[in-house]
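Heads up, the thing below is written out as structure tokens.
The values are calculated or read from the model by the stated rules, or taken from the named source; none is laboratory data. Just so we're clear, the structure is a prediction, and the values are computed from it rather than from any experiment. Note: ideal-geometry Cβ built from the backbone for every residue, glycine included; neighbour counts use all protein chains shown.
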């Protein structure tokens, strides 16, 4: 039954609702998405280029280990990596416990992004 409500709501759009979305919500969402897209693209390109150059062109201790470690993100599913990230940066995770105990900072809420 709930799926029919969703389908019917798409077939019978409320024009006032879409007008509100397009005037107040969509510009901010499009701007935020574009900034995120460009920022992540530039950051990943720079990081990937530098790491690839180091692994291929420079001989240093631990190079073989780094070459192997750079493949790990491809082997770990994204949802598992997100769960680990959440566990590390959550209120009871290593980072926030260290921030409270050593630095005396209150920390942040990783789930809300603020």
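Considering 47, 17, which residue is over 14 Å from the mean Cα position of the chain (by Cα), in a helix (DSSP H, G or I) and at pLDDT 90 or above? Steps first, answer last, please.
Numbers: 17 fails: at pLDDT 90 or above.
When all the criteria are applied, what remains is 47.
Within the range 66-90, how many residues turn out to be out of contact with any helix residue (DSSP H, G or I) (no Cβ under 9 Å at 6 or more places or on another chain) and closer than 30 Å to residue 106 by Cβ? Explain how you work it out, then say what you get.
Looking only at the range 66-90, we keep the residues that are out of contact with any helix residue (DSSP H, G or I) (no Cβ under 9 Å at 6 or more places or on another chain), and these are 68-69, 71-72, 74-75, 77-80, 82-86.
Filter once more, keeping what is closer than 30 Å to residue 106 by Cβ: 78-80, 82-86.
Matching residues across the range 66-90 total 8.
Would it be correct to say that residue 55 is at pLDDT 90 or above, closer than 30 Å to residue 71 by Cβ, surrounded by 10 or more Cβ atoms within 10 Å (Cβ to Cβ) and touching a helix residue (DSSP H, G or I) at 6+ places or on another chain (Cβ under 9 Å)? Break it down into steps so the answer makes sense when it comes.
Details: at pLDDT 90 or above: yes; closer than 30 Å to residue 71 by Cβ: yes; surrounded by 10 or more Cβ atoms within 10 Å (Cβ to Cβ): yes; touching a helix residue (DSSP H, G or I) at 6+ places or on another chain (Cβ under 9 Å): yes.
Criteria met by residue 55.
Quick check: anything in the range 67-83 over 22 Å from the mean Cα position of the chain (by Cα), in the same structural domain as residue 32 (by TED's automatic domain parsing) and farther than 28 Å from residue 32 by Cα?
First pass over the range 67-83, keeping only residues over 22 Å from the mean Cα position of the chain (by Cα): 67-68.
Adding the requirement that they be in the same structural domain as residue 32 (by TED's automatic domain parsing) leaves 67-68.
Restricting the remaining residues to those that are farther than 28 Å from residue 32 by Cα gives 67-68.
The answer is yes; a qualifying residue exists.
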